[in-house]
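Each value in this text was obtained by applying a stated rule to the coordinates, not by laboratory testing. Just so you know, these numbers come straight off a predicted model, no measurement behind them. Methodologically, a virtual Cβ is constructed for each residue, glycine included, from the backbone with ideal geometry; neighbour enumeration extends over all protein chains shown.
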Amino acid sequence: MHIQKIAVIGHPIGHTMSPFIHERLFRLSGIPLDYQVLDVPDLEAALPRLRELDCFNITIPHKSAILPYLDGIDPAAKEFGSVNTVQVKDGKLYGYTTDGAGCRKALENSGASFEGSLLILGNGGAARAIAFEAAQNVRDFQITIAHRPGSYEKACALAEELAAFARRRGDKQFRIVVESYEELRLDESHKFDLLINCTSVGMYPHADASPVPESVVARCAAVFDAVYNPGRTKLLQMAEAAGAKAIGGMEMLVYQAVRAHEIWYGTRFDPADLAALCRDAEREMEKRFAGEGKS
């Protein structure tokens, strides 16, 4: 059988757990592979090398930047404006998004959902995918998009696209709010059923940071952090202290990888094997980064 040439690309990418997860999934499916980790500061310059692969995954900061270089794109990924999974056929690149599906599965496994009032931190590729996944799965959704100085226009563009999606579908009562982090901090009247962190704030090696203060976390019934390293980010620790449901990002990483394998090879996995993989990935991450300054 042809050895599949697979990679994950991003910049920086030293924190990635993708090789551990994908290599396990390939062992479960019996497909031989060569999995590489590629630090790609210049996406355009890397394209010739990427076209030699069989498929690849994409992480920060290339999930939206890859779009102009694709030869084809899945309708959902086009709608979402984000791609994290690429299949290569005869040197041509075909893009998909699995972030939203991975997040939804991780929430379901923890007894949470996109229902109710959502607060999304960030407006990059992962935030777009998750926001649209929420909009697709909930009628008359309620989403607040938080932005930092300098990203107001980007956040408003995402809000407009979500509103256009809702109008096309015939929603009547959807609510989309764009707020700065300062406005979010000061607006103590607004409570949320679920906070979703799609920023890299709190990621190893800067694990002592949180994207929002305790006063915001205290107004959230549940908190999902897409950051998976460390497993218990400062944001999740604050959520636990406030009595909120705290959900880490490792299951999202595993289940978005599972969806990628379904796209690439049509593979189906035993749920028990996937549950074991989630546990093992957590343990592997803790072991790998122990003693390197990770809190």
Before anything else, pin down the relative contact order of segment 100-250: Cα pairs under 8 Å, at least 6 apart, normalised by residue count, whole percent. 22
Hey, which of these cross-link pairs are over 20 Å Cα-Cα: LYS191/LYS245; LYS5/LYS78; LYS5/LYS287; LYS78/LYS191? LYS5/LYS78; LYS5/LYS287; LYS78/LYS191
Here the gain from full extension of GLU153 to GLU214, 0.36 nm per residue of separation minus their alpha-carbon distance, amounts to 19.3 nm
Over the residues of segment 188-227, compute the C-alpha Rg and express it relative to 2.2 N^0.38 Å. 1.19
Tell me, in nm to one decimal, what length is gained between LYS92 and HIS206 on full extension, where the rule is 0.36 nm per residue of separation less the Cα-Cα distance? 37.3 nm
List the relative contact order of the chain as a percent without decimals, with contacts defined as Cα pairs under 8 Å and 6+ residues apart. 16
Helix-only CD estimate at 222 nm, as mean residue ellipticity for the chain, using -39500 (n - 2.57) per DSSP H run (n ≥ 4): -12500 deg cm²/dmol
Kirkwood-type radius of the chain, with distances r between different C-alpha atoms, in Å: 19.5
Taking H placed 1.01 Å from N in the peptide plane, check which residues at least 5 places from LEU33 or on another chain put their amide H under 5 Å from its amide H. GLN4
Can you give the Rg to Rh ratio of segment 1-73, both from alpha-carbon atoms, with Rh computed by the Kirkwood formula? 0.97
Semi-axes in Å, largest first, for segment 48-144 (Cα gyration tensor, √(5λ)) are 28, 12, 11
If I take the Cα coordinates of segment 225-270 and project them onto the principal axes, what are the three extents in Å, biggest first? 42, 17, 13
Projected onto the charge dipole of segment 100-250 (unit charges on the beta-carbon of Lys, Arg, Asp and Glu, signs +1, +1, -1, -1), the Cα from MET250, ALA207, GLY102 with the largest positive-side position is that of GLY102
Counting only complete DSSP H runs, which helices of the chain cover 24 Å or more along their long axis at the Cα atoms and score a mean Kyte-Doolittle of -1.0 or above? 152-169, 271-289
Quick one: if you take sqrt(5λ) for each eigenvalue of the C-alpha gyration tensor of segment 100-250, what semi-axes come out, biggest first, whole angstrom? 23, 17, 15
